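First up is the structure itself, then whatever we jot down about it.
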Amino acid sequence: MTSSTREPTVDELYARHRRALIDYAAPIVGCRARAEDVVQEAFIRFSGRQTTEGAMTRAPGEGPQAPITHPLPYLYRIVRNLALDWVRRPAAAVEAGDPEAMSRLPAATATPEQTVLQRDQLRVLAEALAELPERTRTAFNMHRLEGRSLREVAEHLGVSVVRAHQLVKDAIRHAAARLDAEDG
């Protein structure tokens, strides 16, 4: 075979026809992002059909291992079949990251009553922390709000790790007691 009549490689097919294949799959799956995933999966499957010599062959179970003489229509068939498989999947099999599936879930927003309660609890917590000595409040803020280790808190405050832990624990107990008193 001369270089002018050679079949395109999988990479060349991908580069030339990716957008057209996505446009082909998008109406089937109803989502352009999902269509991109389908086309990528099709190319992965299609690229596995190449022999070490570079000729594309049909997969086992699809007839004799004859070379694929018209790779583009064959690729369109793979994309169509994968897209239809995706549409037929049960709803439970849809990934959590699928935007369409996520849009059908109930919103995770708080009710107005929950919002008022949470704001009130935050107010009580802020007041409780303001009542603490500076060193205890700093230890709590560093460890619980900033995510610093007790060793870092201890070094910053110039105390032992055990003392830093005690300061954080004191702040938590004080805040919990204030929240309990507010609820009761």
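Values quoted throughout were computed directly from the atomic coordinates according to the rules given, and no laboratory measurement underlies them. Quick caveat, the model's predicted, so the values are computed rather than measured. Virtual Cβ from ideal backbone geometry, glycine too; neighbours counted across all protein chains shown.
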### Message
Once you place label points 7 Å from the Cα toward the Cβ at Ala33 and Arg144, how far apart are they in nm?
### Response
3.6 nm
#### Entry: Fully extended contour minus Cα-Cα distance, from Asp183 to Thr9, at 0.36 nm per residue
55.6 nm
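Fully extended, how many nm does the chain gain between Thr111 and Glu131 (0.36 nm per residue separation, minus their Cα-Cα distance)? Before the final figure, lay out the partial values.
Working: separation 20, 0.36 × 20 = 7.20 nm, distance 3.05 nm.
Gain on stretching Thr111 to Glu131: 4.2 nm.
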### Task
Calculate the spin-label point distance for Ile44 paired with Glu155, positioning each point 7 Å from the Cα along the beta-carbon direction, and give it in nanometres.
4.3 nm
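Which length gain, in nm to one decimal place, applies between Arg123 and Arg89 when the Cα-Cα distance is subtracted from 0.36 nm times their residue separation? Display every interim value, and only then the final one.
Values: separation 34, 0.36 × 34 = 12.24 nm, distance 4.80 nm.
Full-extension gain reported as 7.4 nm.
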